[in-house]
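Asker: Once you've had a glance at the structure underneath, I'll fire off some questions.
The values are calculated or read from the model by the stated rules, or taken from the named source; none is laboratory data. All of these numbers come straight from a predicted model, not from anything done at the bench. Cβ atoms come from the backbone with ideal geometry, glycine included; neighbour counts cover every protein chain shown.
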Amino acid sequence: MAELPSTLWPVGYKYDRGAFLKEAQQLALSDGLAGLTYGKLARRLGIPDRVVVYYFPTKTDLILETLGALGLQLQSVLARAFGGTCRPPDELVADAWQVFRTPEVEPIAAIFLEVVGLAAAGQAPYPTIARDLVNTWVDWLEPLVADREDPHAAALSVVARIDGLLLVRQVLGMEAADAAAHFDG
């Protein structure tokens with residue numbers, strides 16, 4: 001493995017995939033997925049592009065691993081909010097919405113909305129990524145949903161309602177999303 005001196009990577013430093021991934025997450029959160037490029041990531045790390053390509057051979061690899069890491073962060077925060085017990089879908093949505101309202105989670109939610117938008121526009125590879133993301137979230141939520149008849153459909157409903165609230169917040173603001181979150185009609 002090449003060892004290149006730079007301001008961020010001292011002489012003799014072996015590159016670390018985890019450090020690349022952490023910086024990729026920060027870049028995605030600040031510039032969106034459209035701004036997550038080999039060139040930008042390499043410049044932020046003070047290394048040549050080819051070193052990034054060595055660790056992430058395709059842009060899809062870079063995107064998937066970045067989204068996976070961000071998803072794990074979000075799951076960790078949501079797991080604490082849910083408390084690990086099966087609950088009715090309405091309670092899961094209410095607790096999740098409190099998490100999604102926080103400044104810590106807002107930029108991660110924006111990334112996931114970007115994936116959905118790029119998928120809706122048909123931009124490869126996002127249709128597949130968006131489908132897989134939704135399926136992953138539904139599978140993760142399924143054991144937490146207190147619905148014995150159809151936990152899969154109930155988990156899918158939770159994801160759809162949260163995504164809807166995120167969309168309303170993005171387009172109309174937090175006040176409108178909060179009003180939608182508390183609608184009991």
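Asker: On the basis of being over 15 Å from the mean Cα position of the chain (by Cα) and among the charged types (D, E, K, R), does Asp95 make the cut?
Answerer: yes
Asker: Follow-up question, since we're still on this one. Looking at (1) closer than 23 Å to Ala34 by Cβ; (2) within 15 Å of the chain's Cα centre (by Cα); (3) at pLDDT 95 or above, find the lone condition where Pro103 falls short.
Answerer: Going through (1) closer than 23 Å to Ala34 by Cβ; (2) within 15 Å of the chain's Cα centre (by Cα); (3) at pLDDT 95 or above one by one, Pro103 breaks only (3).
Asker: Select from the range 50-81 the residues that are surrounded by fewer than 18 Cβ atoms within 10 Å (Cβ to Cβ) and closer than 22 Å to Ala180 by Cα and list them in ascending order.
Answerer: Ala81
Asker: Looking only at the range 104-134, filter to residues that are without any contact (Cβ under 8 Å) to a residue 12 or more places away in the chain and assigned to a helix (DSSP H, G or I); which one of those is farthest from Leu67 (Cα to Cα)?
Answerer: Ala120
Asker: Inspect all residues belonging to the range 93-116 and state whether any of them is surrounded by 14 or more Cβ atoms within 10 Å (Cβ to Cβ) and more than 18 Å from Leu74 (Cα to Cα).
Answerer: Checking the range 93-116: not a single residue is surrounded by 14 or more Cβ atoms within 10 Å (Cβ to Cβ) and more than 18 Å from Leu74 (Cα to Cα).
Asker: Being over 20 Å from Asp16 (Cα atoms) and touching a residue at least 40 places away in the same chain (Cβ under 8 Å) is the filter here, so list the residues in the range 56-82 that pass it.
Answerer: Gly71, Gln75, Phe82
Asker: So for the range 80-97 (the condition being modelled with pLDDT of 95 or more, under 13 Å from Leu144 (Cβ atoms) and either touching a His at 6+ places or on another chain (Cβ under 7 Å) or small (Gly, Ala, Ser) (or both)), does at least one residue qualify?
Answerer: Yes, there is a match, as at least one residue in the range 80-97 is modelled with pLDDT of 95 or more, under 13 Å from Leu144 (Cβ atoms) and either touching a His at 6+ places or on another chain (Cβ under 7 Å) or small (Gly, Ala, Ser) (or both).
Asker: Would you be able to say whether some residue in the range 37-55 is without any contact (Cβ under 8 Å) to a residue 40 or more places away in the chain, over 30 Å from Leu144 (Cβ atoms) and either in contact with a Cys (Cβ under 6 Å, 6 or more places away or on another chain) or of a type in the set (Gly, Ala, Ser) (or both)?
Answerer: yes
Asker: Does the range 86-96 hold any residues that are touching a residue at least 12 places away in the same chain (Cβ under 8 Å), under 14 Å from Ser157 (Cα atoms) and either assigned to a helix (DSSP H, G or I) or polar (S, T, N, Q) (or both), and which are they?
Answerer: Pro89, Leu92, Val93, Ala94, Ala96
Asker: Would you mention how many residues in the range 84-103 are farther than 22 Å from Ala69 by Cβ and among the aliphatic types (A, V, I, L, M)?
Answerer: Qualifying residue count for the region: 3.
Asker: Identify all residues within the range 83-92 that are in contact with a helix residue (DSSP H, G or I) (Cβ under 7 Å, 6 or more places away or on another chain) and either among the polar types (S, T, N, Q) or surrounded by fewer than 17 Cβ atoms within 10 Å (Cβ to Cβ) (or both); write none if there are none.
Answerer: Residue satisfying the conditions is Cys86 alone.
Asker: Output the number of residues of the range 33-79 satisfying the condition of being in a helix (DSSP H, G or I) and over 15 Å from Ile129 (Cβ atoms).
Answerer: Count: 24.
Asker: Checking Asp16 against (1) farther than 24 Å from Gln123 by Cα; (2) in contact with a Leu (Cβ under 9 Å, 6 or more places away or on another chain); (3) acidic (Asp, Glu), only one condition comes out false. Which one?
Answerer: It fails just one condition, (2).
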